[in-house]
Amino acid sequence: MKPLIGVLVCVLAIPAFARAQRCRVYFTVIQSDVHLPGGSLAAMSAAQEKWGAKKGSKEYPQVCYEASKATYKVVWWKETVSDNFVAKNVADPRFDTTVRRTREIGSVYVKRVSAPDSVKPLFFADGDKKGTADALEKAVRFMAHAESGN
């Protein structure tokens, strides 16, 4: 039984070690919101978490979300907007329908963790109509390219 436990520990430790070897950039995520006590919270949106789990670590393996080792901080906020759009009926335009929808517009900036608030961000994306996950992806892409020198 003990050899089996040893094998399991090694098998489970290898992916974590391999991931640690790929990480060259670490970041933390902060939600900025005037309605929160103190104005901010160390948290991702649900959409950002989903993007990070499904695509982020695969597309940008050198950039890792780990607050304790972070050299960058990604600060994001959202604006919820409601608008109307016309859903076209391709079979008969007489039946086009106006639909009211609500969506998120995401914004983000990146700074070094040690940078004081008075220092300008290294990267800024304002009003991303695709939402908070897309804004985070742009920030992660910036960090990946900034560290690679491209």
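In this structure, does residue 61 turn out to be surrounded by 15 or more Cβ atoms within 10 Å (Cβ to Cβ), in a loop (DSSP other than H, G, I, E, B) and not acidic (Asp, Glu)? Yes; evaluated as a whole, the condition is true for this residue. Close contacts from region 29-42, counting a first residue that is more than 17 Å from residue 139 (Cβ to Cβ) and aromatic (Phe, Trp, Tyr) and a second that is surrounded by fewer than 12 Cβ atoms within 10 Å (Cβ to Cβ) and at pLDDT below 90, with Cβ to Cβ under 9 Å and a gap of 6+ residues or different chains, come to none at all. Within region 77-126, the set of residues being in a strand (DSSP E or B), exposed (fewer than 10 other Cβ atoms within 10 Å of the Cβ) and among the small types (Gly, Ala, Ser) comprises 82 only.
The values are calculated or read from the model by the stated rules, or taken from the named source; none is laboratory data. None of these values were measured; they are calculated from a predicted model. Please note: Cβ atoms are built from the backbone with ideal geometry, for glycine as well, and neighbour counts cover all protein chains shown.
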